[in-house]
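Below is one structure, written out as structure tokens; comments come after it.
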Amino acid sequence: MNDAGLGRVVMCVPTYNEADNLAWLVGRLRAAEPAVHVLVVDDNSPDGTGALADELAAADDAIHVLHRTEKGGLGAAYLAGFRWALDAGYDVVGEMDADGSHQPEQLHRLLEALVEGGGADLVIGSRYVPGGSVVNWPKRREAISRGGNLYVRLLLGIAVRDATAGYRVFRRTALEKIDLDSVESTGYVFQTDLVTRCLRAGLTVREVPIEFVERVRGDSKMSGAVATESLRRITRWGLRERREQLHRALRRGR
């Protein structure tokens, strides 16, 4: 798409053992959105993903690599990538998976939603709004994902239908306002954390439909244990948030 009004855009792509997918994904992204830069955040992948990323960067000035020394969690990788992007002066900072489940050819939908209809501070590529879909997921996994998002909406009192989604773009002003240095979540709960922070800060969050496609190469990092731990953390966090809301309401009522 034409990036008029957006400024400089970079998509952060965290990797751990994605050597089979990285060149394929980055090639599609650069073809679909030539004006968009790519930051690969590699967590010291033992399969050589980091070295492959360096080769891609050497051949294309719009590709950058951030090497981390250990596998520290999805949220930690994104936080490192966001800080790098802000320091480098990017105006829009996005995130997407390296396995192809987030299709680069649909990125224009997210970028357009940043400027259309009065604009937005955060745009989420959503599986669960009208027009969104999931391809090749087992029914059980989709049910867990949908149920988890319903639980998040009810517990946290937010209207976002896909708060756990990992395909999204932020304006730099949004990331600056929510204070990344105070973010402690490092796992998959990170996605819900940042959505909620944006809403609590009064920022505009918009969802656009995407077709989410299950990976065809490599192993998924999500498991039942990871999903359960994420919901457990969301529960603790959500209950704490509700207690704080109640205390604030009581103080106002005095």
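For the range 4-48, residues that are open to solvent by less than 60 Å² (accessible area, probe 1.4 Å) and among the acidic types (Asp, Glu) total 4.
Once the range 83-97 is narrowed to residues that are assigned to a loop (DSSP other than H, G, I, E, B) and out of contact with any helix residue (DSSP H, G or I) (no Cβ under 7 Å at 6 or more places or on another chain), the residue that is farthest from residue 41 (Cα to Cα) is 89. Considering only the range 117-132, state which residues are surrounded by fewer than 13 Cβ atoms within 10 Å (Cβ to Cβ) and either at pLDDT 95 or above or of a type in the set (Ser, Thr, Tyr) (or both). Result: 130, 131. Residues that are touching a Ser or Thr at 6+ places or on another chain (Cβ under 8 Å), open to solvent by 10 Å² or more (accessible area, probe 1.4 Å), closer than 16 Å to residue 12 by Cβ and not in a helix (DSSP H, G or I) are absent from the range 49-70. Looking at the range 138-254, the helices (runs of 4 or more DSSP H) lying wholly inside it that each contain 1 or more residues that are among the charged types (D, E, K, R) and modelled with pLDDT under 95 sit at 139-156, 189-200, 224-253. Residues in the range 145-161 that are over 19 Å from residue 236 (Cα atoms) and out of contact with any helix residue (DSSP H, G or I) (no Cβ under 6 Å at 6 or more places or on another chain) were compared, and the one that is surrounded by the most Cβ atoms within 10 Å (Cβ to Cβ) is 161.
The values are calculated or read from the model by the stated rules, or taken from the named source; none is laboratory data. A quick note: this is a predicted structure, and the numbers were derived from the prediction, not measured. Positions of Cβ are backbone-derived with ideal geometry, glycine not excepted, and every protein chain shown enters the neighbour counts. Keep in mind that these areas ignore ligands, DNA and RNA; they rest on the heavy atoms of the full protein, side chains included. Shrake-Rupley method; radii C 1.70, N 1.55, O 1.52, S 1.80 Å.
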